[in-house]
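Bear in mind these aren't lab numbers, they're just calculated from the coordinates by the rules spelled out. Fair warning: this is a prediction, and the values are worked out from it, not measured in the lab. So basically every Cβ, Gly included, is an ideal-geometry build from the backbone, and we count neighbours across all protein chains shown.
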Amino acid sequence: MPAVTPKVIQAERHIEDATPLFPDYVREYIQAKKTKYSPLTLSGYLYNIENFFNWLLGEGIVAAKSIRDIHYDSLATLSKKDVELFVDKMANEILSGEDELEPKKRSKTSVARAVQALKSLFHYLTVETEDKVTQEPYFNRNVMLKITVDLELESKSRRSKRIEKKTYKSDEIDELLEFISGEYAATLSSRELPYFEMNKVRDLAILAVLFGSGIRGNELVGLKLKDVYMKDRYLDVIRKGDKADSVAIRPSSLTYLANYLNQRSMIYNVKETYPYVFVAKAPDGTVKQMSNQTLIRLVKKYTQAYGKEITPHKARYTFSKQYQLEGGTLIGLRDQLGHQNIETTSLYTTESMAEQKDVVNRMDKPKNKK
């Protein structure tokens with residue numbers, strides 16, 4: 001089972017609510033992919049598929065009254081130009097006010113995800129389905145095979161240089177935690193201070209675990225008490241694709257975590273057996289599992305105040321860098337981060353410009369002659 005986070009629950013509800021809106025063949029697709037994709041992935045795909053179907057209706061490209069009435073024969077006859085117009089619309093649609101200095105558009109990654117959602121649906125309809133009478137796929141012509149998205153390419157080195165500015169060095173992690181422990185309170189108003197003081201021990205534990213294990217934000221908010229092994233210094237997590245895994249964690253991070261868990265019941269008035277490690281108190285006083293959105297805001301708030309804003313995902317890059325500097329292998333890092341292949345892990349390990357300069361500078365040092 002996937003880590004049951006608020007974000008996963010929201011995705012599952014969206015899948016349930018969206019399913020009746022689609023024609024039978026899309027509902028079959030949803031049922032088939034529930035065991036293949038995570039709720040977050042499938043929910044995202046359905047948003048994009050619904051957007052595409054609504055666009056087909058709005059442009060008069062298909063003759064149907066509603067999404068449920070779109071027959072798969074209409075998809076079989078779509079032209080390459082039709083789909084390219086949709087992709088162009090996705091890429092150039094203004095998402096924020098046109099009067100702003102820099103109107104916001106979708107990133108190329110977001111457009112690529114929309115295309116991937118359609119590729120998944122069309123592959124299912126042209127390869128995986130089986131007509132009850134002919135025992136052949138619903139149709140054979142897959143126009144999505146002709147569609148590509150021009151993502152801006154960059155070398156691993158250049159990507160590393162860009163990401164380097166948004167990662168922390170080992171001493172900066174310690175300085176950040178010390179800043180929160182001591183100086184941060186002085187930056188707050190009298191109204192903000194009590195809330196910070198209540199959550200301080202929890203927030204320090206969250207940052208320590210992120211930087212000390214490299215786990216994803218979704219894995220952190222889904223962490224349960226039974227997943228924490230203090231004595232053996234590791235955590236059990238649920239990876240993408242609902243795969244159970246175990247990861248090592250820095251002993252110093254466990255110190256912060258243990259300090260928080262010792263005070264959690266008293267601070268948040270929850271039972272010691274409440275399953276989720278990290279909780280949050282709502283304005284009405286109820287306490288529940290922390291959400292992904294709360295985690296993102298929390299990390300942004302502290303790192304922005306420290307002067308080097310990052311996201312929970314960028315904390316993974318910081319961990320990866322330190323793991324590499326301490327002599328960790330690429331295979332070990334792959335397993336620690338939960339990647340499916342070594343190529344993904346390699347994106348986290350390129351040397352910084354400073355390290356590259358140090359190497360080439362050493363090449364100019366006088367060599368001892370025999």
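A viscosity of 0.890 mPa s and a temperature of 25 °C, combined with the Kirkwood radius over C-alpha pairs in the Stokes-Einstein formula, give segment 1-79 a diffusion coefficient of 183 µm²/s.
Note that segment 224-239 has calculated 3J(HN,Hα) couplings of 10, 4, 5, 8, 9, 10, 4, 5, 8, 6, 8, 10, 8, 9, 9, 7 Hz, one per residue in order, obtained from phi through the Karplus relation 6.51 cos²θ - 1.76 cosθ + 1.60 (θ = phi - 60°); glycine and proline are x. Spread over its residues, the convex hull of the C-alpha atoms of the chain is 233 Å³ per residue.
Entry for segment 1-137 at q = 0.17, 0.19 Å⁻¹: log10 I(q)/I(0) = -1.03, -1.23, Debye formula applied to identical alpha-carbon scatterers, no solvent contribution.
This model, with +1 at the C-beta of Lys and Arg and -1 at the C-beta of Asp and Glu, gives the chain a dipole about its Cα centre of some 1140 debye. Panel values: segment 264-326, Kirkwood radius from alpha carbon pairs, Stokes-Einstein at 4 °C and 1.567 mPa s, translational diffusion coefficient 94 µm²/s.
Derived scalar couplings between HN and Hα for segment 249-260 equal 9, 4, x, 5, 5, 5, 5, 4, 5, 5, 4, 5 Hz in order, rounded to whole Hz, by the Karplus curve 6.51 cos²θ - 1.76 cosθ + 1.60 (θ = phi - 60°), x for Gly and Pro.
Computed over segment 209-315, the range of Cα coordinates on each principal axis works out to 36, 36, 29 Å, biggest value leading. Taking 4 °C and 1.567 mPa s as conditions, segment 44-96 diffuses translationally at an estimated 110 µm²/s according to Stokes-Einstein applied to its Kirkwood radius (Cα pairs). Amide H to amide H distances under 5 Å link Tyr234 with Tyr229, where only residues 5 or more positions off or on other chains count and H is placed in the peptide plane.
Roughly what angle does helix 80-92 make with the longest principal axis of the chain, taking Cα atoms, 0 to 90 degrees, to the nearest 10? That works out to roughly 40 degrees. Mean residue ellipticity at 222 nm, helices only, the chain: -16500 deg cm²/dmol; runs of at least 4 DSSP H residues each add -39,500 (n - 2.57), and the sum is divided by the number of residues. Amide H to amide H, with H built 1.01 Å from N, Lys34 comes under 5 Å of no residue 5 or more places away or on another chain.
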